[in-house]
Amino acid sequence: MRELIGTPIRVKAASSWLGGRFKNAIFEFDGFNATFETGMDQQGRFDAHIEVYGEHKLVLIQYDTPYIRQLPTTLHISETIGNSFEESVIRPTYKDTYVCELEYFYEVVTKGMPPKTTPEDYLQDLVIFKMMIEAMK
């Protein structure tokens, strides 16, 4: 989420329940808010996605389960243009996200490329986690 829309200004609210298995937060950005929800239940399904709502357009990035091979990430776009409503689904590859990740890791190791995510970059995620914990107090 941080890579797509940046680091929030602050966490407006956050909560945790069922022993910490579920968490949600409202992040404040410059000009908009974003909600974050995560949880682990006992249902036989997998749901992981990022959804961005605009005035006339919705963009949904859907991640399928990592436990079934060859399920690609899909990009769903819903858009109102004038009086028409259009929907499209884009699959940039039939490789699942973990295959793409392993191929990239191989390139980093064998060709000496710098990794996309550095320890310094990850520290920014810890800043957001700390903001969430502070908002839960």
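The values are calculated or read from the model by the stated rules, or taken from the named source; none is laboratory data. Note that the structure is a prediction, hence the values are computed from the model and not measured. Methodologically, a virtual Cβ is constructed for each residue, glycine included, from the backbone with ideal geometry; neighbour enumeration extends over all protein chains shown. We work out accessible area using only protein heavy atoms, side chains counted, and drop any ligands, DNA or RNA first. Shrake-Rupley method; radii C 1.70, N 1.55, O 1.52, S 1.80 Å.
When region 54-67 is filtered for residues that are touching a residue at least 12 places away in the same chain (Cβ under 8 Å) and either of a type outside the set (Ser, Thr, Tyr) or open to solvent by less than 70 Å² (accessible area, probe 1.4 Å) (or both), the ones remaining, listed by number, are 56, 57, 58, 59, 60, 61, 62, 64, 65, 66.
Close Cβ contacts (under 9 Å, 6 or more residues apart or on different chains) running from residues in region 41-53 that are open to solvent by 70 Å² or more (accessible area, probe 1.4 Å) to residues that are assigned to a loop (DSSP other than H, G, I, E, B) comprise 45/65; 46/64; 46/65; 46/66; 46/67; 46/68. The sole residue among 59, 89, 109, 127 that is of a type outside the set (Lys, Arg), within 19 Å of the chain's Cα centre (by Cα) and more than 20 Å from residue 5 (Cα to Cα) is 89.
Here residue 104 does not qualify as among the hydroxyl-bearing types (Ser, Thr, Tyr) and open to solvent by 100 Å² or more (accessible area, probe 1.4 Å). Could you list all residues from region 68-116 that are free of Cβ contacts under 8 Å to residues at least 12 places away in the same chain and under 28 Å from residue 54 (Cα atoms)? Within region 68-116, 82, 83, 84, 85, 86, 87 qualify. Listed by position, the strands (runs of 3 or more DSSP E) inside region 1-64 whose residues that are in contact with a strand residue (DSSP E or B) (Cβ under 9 Å, 6 or more places away or on another chain) and over 28 Å from residue 78 (Cα atoms) number at least 1 are 10-17, 22-29.
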